[in-house]
């Protein structure tokens, strides 16, 4: 679960890294094995993207704290 912006950035970098691996695998894997080889990476990307999308609606900590004092 992402709780801070720096964790968001790391997760986004991981997604980009795994997407790059998928692009390389598309070039090197045989057509009959590509689905099986890429399945784990695709599932990992999907989970990380869900975490990112879950994080976006949360307000910044500074905004949440200032709302408490108004």
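Values in this text are rule-based calculations from the coordinates and carry no lab data. Computed from a predicted model, the values in this text were never measured in an experiment. Please note: Cβ atoms are built from the backbone with ideal geometry, for glycine as well, and neighbour counts cover all protein chains shown.
For the subset of region 17-40 comprising residues that are under 19 Å from the mean Cα position of the chain (by Cα) and free of Cβ contacts under 8 Å to residues at least 12 places away in the same chain, which member is surrounded by the most Cβ atoms within 10 Å (Cβ to Cβ)?
Looking at residues that are under 19 Å from the mean Cα position of the chain (by Cα) and free of Cβ contacts under 8 Å to residues at least 12 places away in the same chain, I get 17.
Just to be sure I understand, how many residues within region 1-28 are farther than 15 Å from residue 48 by Cβ and in a loop (DSSP other than H, G, I, E, B)?
Selection size over region 1-28: 1.
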